[in-house]
1. Amide H neighbours of A:VAL166 under 5 Å, counting only residues 5+ apart in sequence or on other chains, H built in-plane at 1.01 Å?
2. Using just the Cα positions, wrap the protein assembly as shown in a convex hull and report its mean projected area in square nanometres, one decimal place.
3. At 0.36 nm per residue, and after removing the present C-alpha to C-alpha distance, how many nm does the segment from A:ARG478 to A:ASN419 gain when stretched out fully?
4. Give the long-range amide H neighbours of A:GLY172: residues separated by 5 or more places, or on another chain, with amide H under 5 Å away, using H modelled in the peptide plane at 1.01 Å from N.
5. Considering only protein heavy atoms and a probe of 1.4 Å, how much of the accessible area of the range B:12-162 is carbon and sulfur, as a whole percent?
6. With contacts defined as alpha carbon pairs under 8 Å and 6 or more residues apart, what's the relative contact order of chain B in percent?
7. Pull up the cross-link candidates among the aspartates and glutamates for A:LYS453, meaning alpha carbon to alpha carbon under 20 Å and not fewer than 8 places away within one chain.
8. Tell me: how much accessible area in total is hidden between B and A, 1.4 Å probe, Å², nearest 100?
Amino acid sequence: MPLSKRIIAVFAMSALMLIFCCSNVSAESYVYNSYKETVNAPDVYDVLEKITGSDIGCGTLKAPEDMFVTDDGTVYIADTGNKRIVITDSNLVLIKTIEDFVMDEKPAKIKEITGVFVDTEGTIYFTDAKGGYIYRCDENGNIDLRLKQPENGVFDEETLFVPEEVIVDRSGNIYVKCTGIYQGSVLYDKNGDFQGFFGADNVEETQSIVSDYFWKSLMNDTQKEQTARVVPPEIRAFDIDDEDFIYTVTNSGTTAGSTKIAMDKFRKLNPKGSDVLINKMPREAKMALERDGLALAFVDVNITSDDYLLAVDKNFGRIFEFDRDMNLITAFGSIGNEYGTFQNPIAIESFNNNIYVLDKTTCSVTVFGLTEFGTTIHEAINIYNSGYYEKAIDPWLEVAARSSNYELAFVGLGNAYMNIHDYEKAIHYFELGRDSEGYNDAFIELRAQFLRKNLVYIVGGIVIIAGGIYVALHFIRRRKKA
Amino acid sequence: MKKYQYPFYLMRHPFEGFYEMRYKKGASLGVSFVILIAFILQSIIKYTYTGKQFVFYDITEINIITTAIYTIAALLIVCASNWAFSVLIEGKATFREIWILFLYSLLPYIITNYIYIILSNVVTESEGVFINVLVFLGGAMTLIMIINAFMAYHEFNFTTTLISLLLTVLGVAIILFLIILIISLFQQVASTISTIFYEAVFRFK
């Protein structure tokens, strides 16, 4: 090769190598494909920064237990070890801290600040797990409501009232998650009156539970008292969206000998307490997630303003993002010491397409932002869900161009083409995305179209062939007789 | 009747057809191999040509050779188990005849599977229930033909045939267990020899 070409080749190679040198440190992201495998996909989220207490400007946080980000980006951190609430803006720059709480003109003794929630007007609700109280205060620490355990006989010496997390709906009703309570969340109205329990889970009817039920019907009362009770699992964390739907996450564990599976872990409760979550994930991908979900232990869940469900798990430090139909967008994160990994993730929140994860052991908040790939995916999903099906085709094509492992892009394209009635393209993309249900829908339409066009010829052909066979047999019989 | 017409004759007359085939000595090994090839072909074609609205197979996991070997091995094991147990109940069929009988009886199942593969390309998911029924009927026909074949060739009565079928299934389980045992024993021997080898190599270095 002549010298000039060699020099150009060397520069090109070193330029290529430089690209790898300046790649961002990020955890490897993956998705599930319909062969029940996890496949690598480009990162949907990138680490933006990792902020400790000293970066915020309030001194180190000490074992913080909860975090809440309001719709305008104000971050409230329950700094449990230091018994204060730290308030920052969305860039995690300190606004103020609340350390002294005042109730009825006297300083209030708060034993611990465990969970925190802020409503749209800035009223702060927090729980005190050690003391067994739930407080409502304003941003200066003036408490105007203190709730204690309800006196209906559920809580006694055996069942302690340990309120851990709190959420509040738009009418001011207060939902409190207490440890060890299987009847659901404790519900108070906005004046503090106990209203009952909300949203108990269902016991999964496995074979062992059904056989237990049969044997119990034959026992007398003293024997029944000695057998183990079958109760639904308690929820681990919950979040509320702006339409007052409550999203809960439950850990899989053993309930009377049965093991709950992962996708049941997420529930979307309507105000009546029934689960209305629809799951459109392809069957094989769902089974793979359930299989791996047994090793996961979700600790917090968050619903973003665009209706994406985020969940963080503490066994592997994994963050999952699902869209409205429970399709898995991405899974990333791990346990470790780098940026983008955690030691003990305990809370997850979101604001403006950024994810905030609170780590209890390193006392830091890691902020993730969307990558270009992630922005295109979110754009495609949001456009499709708003009803502009044809406009969603270009973003999905871009996503598919970047990663052929990302089957959701092909399924999204198939759905988009189905909605604009272009069935040939739809069936082509469903085949690429290996979605047999979508393929079936497109196939029904294509077959109907084909029959509509060609039914005349098909029936005519059958009549002619049948007639021809009849005539031929007639002639063969005549020749045989002769 | 020519030898290659017997399988279709047996499908039309499953009850007396086997007696007729036995006394006219119409059982042919060559025809059974043709049916075997059709069976293997059907197992392979199922992966690529069933309609996509039912199931998406992983194309990278399709292996023609192992599918063919598993099919042939399964048939051999079933025949061997049946032959071994029928000796105990005084059955009178030879191994060759048992092999031919199993393959002739599988013909309805094979044909309905081909129909399934063809129809699955023009049928939707909800209508797919009906073509599944077809395959099930093919399997039922196979079972009827096997029972009659045993009654004709082994000269069992009906109860003894059912018992021999159960014993055959038991025999298949025993044979598979023995195969697994042998393979794991081979693995143990191989790992012992290789451990000794590596010990020697590392000590004398």
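The values are calculated or read from the model by the stated rules, or taken from the named source; none is laboratory data. Predicted model, so just to flag it, every value in this text is computed and none were measured. Positions of Cβ are backbone-derived with ideal geometry, glycine not excepted, and every protein chain shown enters the neighbour counts. When the accessible area is computed, the model is the full protein with side chains, heavy atoms only, and any ligands, DNA or RNA have been set aside. Shrake-Rupley method; radii C 1.70, N 1.55, O 1.52, S 1.80 Å.
1. A:VAL116, A:LYS177
2. 53.3
3. Difference between extended and current length: 15.3 nm.
4. So A:GLY172 has HN proximity to no qualifying residue.
5. Roughly 72 percent of what the probe reaches on the range B:12-162 is carbon or sulfur.
6. Values: 162 pairs, mean separation 54.8, N = 205.
Reported as a whole number, the value is 27 percent.
7. A:ASP422, A:GLU424, A:ASP441, A:GLU445
8. Counting protein atoms only, the buried area is about 1100 Å².
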